[in-house]
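Enquirer: Just dropping this structure here.
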Number of protein chains: 2
Amino acid sequence: MRSVILLSGGLDSATVLAIARAKEREIHALSFDYGQRHRIELDAARAIAAKAGVAEHIVFSLDLRVFGGSALTSSIEVPKDALAESGIPVTYVPARNIIFLSLATGFAEVSGCEEIWIGVNAIDYSGYPDCRPEFIDAFQNAILKGTKSGVEQQRPRIVTPLLELSKAEIIQKGVALGVDYSMTTSCYDPDQAGRACGHCDSCILRRRGFEEAAIADPTRYR
Amino acid sequence: MRSVILLSGGLDSATVLAIARAKEREIHALSFDYGQRHRIELDAARAIAAKAGVAEHIVFSLDLRVFGGSALTSSIEVPKDALAESGIPVTYVPARNIIFLSLATGFAEVSGCEEIWIGVNAIDYSGYPDCRPEFIDAFQNAILKGTKSGVEQQRPRIVTPLLELSKAEIIQKGVALGVDYSMTTSCYDPDQAGRACGHCDSCILRRRGFEEAAIADPTRYR
């Protein structure tokens, strides 16, 4: 079965790719160059896609900096050592997953893909509303109502294999499938050499995940 | 109230802009340079926005030709003199309104807009699924579930003033509000000088609209 895999170059999406591969999907990987300050993740995405031998990998360009408004795309500082306990953090990129899933939907329709795999996770996550199951369900419904393939063939279907897993469980699953996490990058604020800060939300969640999974953390920190 | 207005440069969105203006909205116009073959509509959008004195007009670039798959973005021929009576025509751009509304949602969040106005119409339309009220409702729900502003403030709200109007009614409303339809372009396949073909679905619906409204058609045909 042909499937679009949203591939950021991070830990979660690399795991999703490995799961889709284990399920023998024909993989059409899709990454976004959206003006993220951690653009180094695109190099990681390319390397991961190449190693996995995907059928196709598209890096789609759209400059969300035109809108501004997030620590991930603008000059707002990325918070350090302060994993938000409540509320939506400043690293939230307005409507990011809505935008990414929309483009994935268009890509799926054109390429004849029946599925869109996305590594959203509502357990060890940053509190972004577009990572929650109720959003995924709502967006699935919009696809079924608002696209040719949705109306005629009830597709593409959104597949979220990580939704209810802890970060440690994600890592354990990925390691079992042979994912090389040293190829992935999660940091929101890496240095020029691609080394992780170790202190942003994403680094904290990742580091905790390796600790709880009792697996050596291969991340290169500064 | 601040509002995003999706402005294509066509007849419908120019009317939406005039209605929003009459309702005293602060207008943040948003157009898309998505690789459409009728890119001349962007010049129309710029002129219409300038004449209306909008607060802001962003032309957002994203190249949907990367995905291919529509007569509007690829080398597939635009059908002539054959308004589809059933089915979804080849001019359907995969997930276009999902993509446009997603980006409008991001823009609305960043710019503090409470509304997104879009000129979808389910009466005299081409049969695109993403112009139907059930899609708009589904997408609204996705916004409320998947964005910071949706979760926290139940916004942005999608506003569709043309949804249940005939093309003739849209034109009559626009004329009453002073819209200069000679500035708008609807043709999917205009010539280099911007003159309409008169034979694509969009031209047929537009021409019929002026006839039924008993208003002189200002369109420049070849």
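The values are calculated or read from the model by the stated rules, or taken from the named source; none is laboratory data. Computed from a prediction, not measured in an experiment: that's the story for all the values here. Here the Cβ positions follow ideal geometry from the backbone for every residue, glycine too, while neighbour counts run over all protein chains shown.
Enquirer: Among the residues of the range B:189-209 satisfying the criterion of being in contact with an Asp or Glu (Cβ under 7 Å, 6 or more places away or on another chain) and under 21 Å from B:L7 (Cβ atoms), which is surrounded by the most Cβ atoms within 10 Å (Cβ to Cβ)?
Expert: Of everything passing the filter in the range B:189-209, B:C200 is surrounded by the most Cβ atoms within 10 Å (Cβ to Cβ).
Enquirer: Follow-up. Inspect the range A:152-167 for any residue being of a type outside the set (F, W, Y), more than 26 Å from A:S70 (Cα to Cα) and touching a Ser or Thr at 6+ places or on another chain (Cβ under 7 Å) and give the result as yes or no.
Expert: Yes: the range A:152-167 contains one or more residues that are of a type outside the set (F, W, Y), more than 26 Å from A:S70 (Cα to Cα) and touching a Ser or Thr at 6+ places or on another chain (Cβ under 7 Å).
Enquirer: With (1) at pLDDT 95 or above; (2) more than 19 Å from A:S111 (Cβ to Cβ) as the list, and A:A45 as the residue in question, which single condition is left unmet?
Expert: With (1) at pLDDT 95 or above; (2) more than 19 Å from A:S111 (Cβ to Cβ) applied to A:A45, the lone miss is (2).
Enquirer: Please enumerate the residues belonging to the range B:90-110 that are within 7 Å of chain A (Cβ to nearest Cβ), buried (at least 22 other Cβ atoms within 10 Å of the Cβ) and either touching a strand residue (DSSP E or B) at 6+ places or on another chain (Cβ under 9 Å) or in a helix (DSSP H, G or I) (or both).
Expert: B:N97, B:I98, B:I99, B:S102, B:L103, B:T105, B:G106, B:F107, B:E109
Enquirer: When the residues of the range A:118-141 are filtered to those that are of a type in the set (S, T, N, Q) and in contact (Cβ under 8 Å) with a residue 12 or more places away in the chain, which remaining residue is surrounded by the fewest Cβ atoms within 10 Å (Cβ to Cβ)?
Expert: A:S126
Enquirer: Moving on. Can you name every residue in the range A:32-51 that is in contact with a Gly (Cβ under 7 Å, 6 or more places away or on another chain) and crowded, with 20+ Cβ neighbours inside 10 Å?
Expert: Within the range A:32-51, A:E41, A:A44, A:A45, A:I48 qualify.
Enquirer: Continuing with the same structure: In the range A:142-188, what count of residues is obtained for those that are under 20 Å from A:E211 (Cβ atoms), crowded, with 22+ Cβ neighbours inside 10 Å and either of a type in the set (D, E, K, R) or more than 19 Å from the chain's Cα centre (by Cα) (or both)?
Expert: Counting residues in the range A:142-188 that are under 20 Å from A:E211 (Cβ atoms), crowded, with 22+ Cβ neighbours inside 10 Å and either of a type in the set (D, E, K, R) or more than 19 Å from the chain's Cα centre (by Cα) (or both) gives 1.
Enquirer: Out of all the residues in the range A:59-78, which are in contact with a helix residue (DSSP H, G or I) (Cβ under 7 Å, 6 or more places away or on another chain) and either hydroxyl-bearing (S, T, Y) or on the phi < 0 side of the Ramachandran plot (or both)?
Expert: Those that are in contact with a helix residue (DSSP H, G or I) (Cβ under 7 Å, 6 or more places away or on another chain) and either hydroxyl-bearing (S, T, Y) or on the phi < 0 side of the Ramachandran plot (or both): A:V59, A:F60, A:L64, A:F67, A:T73, A:S74.
Enquirer: Only one residue in B:C131, B:C113 is of a type outside the set (F, W, Y), within 21 Å of B:H28 (Cβ to Cβ) and within 14 Å of another protein chain (Cβ to nearest Cβ). Which one?
Expert: Step by step, each of B:C131, B:C113 is checked, and only B:C113 is of a type outside the set (F, W, Y), within 21 Å of B:H28 (Cβ to Cβ) and within 14 Å of another protein chain (Cβ to nearest Cβ).
Enquirer: Within the range A:41-74, how many residues turn out to be away from chain B (no Cβ under 14 Å), outside any helix (DSSP H, G or I) and touching a His at 6+ places or on another chain (Cβ under 8 Å)?
Expert: Qualifying residue count for the region: 2.
Enquirer: Are there any helices (runs of 4 or more DSSP H) wholly within the range A:131-201 with 2 or more residues that are touching a strand residue (DSSP E or B) at 6+ places or on another chain (Cβ under 6 Å), and if so which?
Expert: A:133-146
Enquirer: For the range B:10-23, which positions are surrounded by fewer than 24 Cβ atoms within 10 Å (Cβ to Cβ) and either assigned to a strand (DSSP E or B) or under 8 Å from the mean Cα position of the chain (by Cα) (or both)?
Expert: B:G10 - this is the single residue of the range B:10-23 that is surrounded by fewer than 24 Cβ atoms within 10 Å (Cβ to Cβ) and either assigned to a strand (DSSP E or B) or under 8 Å from the mean Cα position of the chain (by Cα) (or both).
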